[in-house]
Amino acid sequence: MLQTYIQRADTNPVEASRLDLDAAQCGACPLRGIANIEKKPGQADKRACYVLLGQGPTGVYKTYKAEKYRHAGGHADIAALGAERMVRIGTYGDGAAVPAYIWDSLLSRATGHTAYTHQSGNCATSFDGSRYMVSADSEQAARAAWLQGHRTFRVIAAVDELTSGEILCPASKEAGMRTQCASCKLCGGASVKAKSIAIVAHGAGARHLTA
């Protein structure tokens with residue numbers, strides 16, 4: 001899958017997390033943790049997001065600063081990047097922070113995509129329910145999103161929390177890792193006619209997730 005990173009160009013992502021500057025690409029996502037400007041070094045306290053900031057995002061930041069990325073400008077150039085590939089919108093960062101026309105171009109020749117957002121209620125973003133899975137932080141939030149015609153992606157503490165409107169992520173350990181995101185294609189928003197997706201908390205930040 002083609003990976004996309006949405007992050008600040010002026011601050012290392014670990015530092016941005018600690019200083020509350022990551023709102024630029026993650027909005028008010030509750031998984032960002034608690035900013036701690038007094039702490040040096042490190043990320044925000046109690047950060048529950050599974051993305052390891054010191055790995056992918058930091059590598060992207062350093063490569064960008066070293067001017068090793070080719071600039072892609074204009075519809076044809078951007079469309080070529082996604083041609084005949086699955087695209088992951090927001091490997092890090094929230095895709096709704098990016099103008100929709102960028103994704104329109106990137107996905108125009110793609111074979112499919114995955115996308116997740118915490119910004120479904122933010123009218124200042126490019127949220128589109130047909131494109132994004134709504135990241136729901138509770139069963140109540142998920143049901144509210146379903147009433148609006150959205151599909152959700154929800155992190156749960158255990159398999160027995162699954163509702164009738166959801167299935168376990170087929171790529172998860174609990175579901176037997178039957179497939180991978182590149183071939184599954186279930187997390188493409190409401191444009192995909194399927195149940196919503198849930199996954200048991202995983203990754204380094206799982207211990208910070210609360211009811």
Task: Which listed residue, of S172, S191, S183, is surrounded by 15 or more Cβ atoms within 10 Å (Cβ to Cβ), polar (S, T, N, Q) and within 19 Å of the chain's Cα centre (by Cα) - done: S172
Open item on the list: Quick check on my filter: what residues within segment 57-98 are small (G, A, S), under 15 Å from L2 (Cα atoms) and surrounded by 17 or more Cβ atoms within 10 Å (Cβ to Cβ)?
Closed with: A79, G82, G90, G93, G95
TODO: Among residues belonging to segment 25-51 that are surrounded by fewer than 17 Cβ atoms within 10 Å (Cβ to Cβ) and touching a residue at least 24 places away in the same chain (Cβ under 8 Å), point out the one that is nearest to D104 (Cα to Cα).
DONE: A28
Task: Residues satisfying the stated conditions in segment 12-26, i.e. over 17 Å from V98 (Cβ atoms), part of a helix (DSSP H, G or I) and either of a type outside the set (A, V, I, L, M, F, W, C) or modelled with pLDDT under 95 (or both) - done: E15, S17, R18
- [ ] Name every residue in segment 109-135 that is farther than 16 Å from L31 by Cα and out of contact with any strand residue (DSSP E or B) (no Cβ under 7 Å at 6 or more places or on another chain), in order of residue number.
- [x] R109, G121, N122, C123, A124, T125, S126, D128, G129, S130
Task: Residue that is modelled with the highest pLDDT [pool: residues in segment 194-211 that are crowded, with 17+ Cβ neighbours inside 10 Å, aliphatic (A, V, I, L, M) and farther than 19 Å from R88 by Cα] - done: V200
TODO: Mind listing whichever residues of segment 27-77 are out of contact with any Ser or Thr (no Cβ under 9 Å at 6 or more places or on another chain), in a helix (DSSP H, G or I) and within 23 Å of S120 (Cβ to Cβ)?
DONE: P30
TODO: Only residues that are of a type in the set (G, A, S), in contact with a helix residue (DSSP H, G or I) (Cβ under 9 Å, 6 or more places away or on another chain) and surrounded by fewer than 21 Cβ atoms within 10 Å (Cβ to Cβ): list them for segment 111-123, please.
DONE: G112
- [ ] Read through the list (1) more than 26 Å from A100 (Cα to Cα); (2) at pLDDT below 95; (3) of a type in the set (A, V, I, L, M), then give the number of the only condition that A124 fails.
- [x] (1)
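The values are calculated or read from the model by the stated rules, or taken from the named source; none is laboratory data. Source: prediction; values computed, not measured. In this analysis, Cβ positions are derived from the backbone assuming ideal geometry, glycine residues included, and neighbour counts consider all displayed protein chains.
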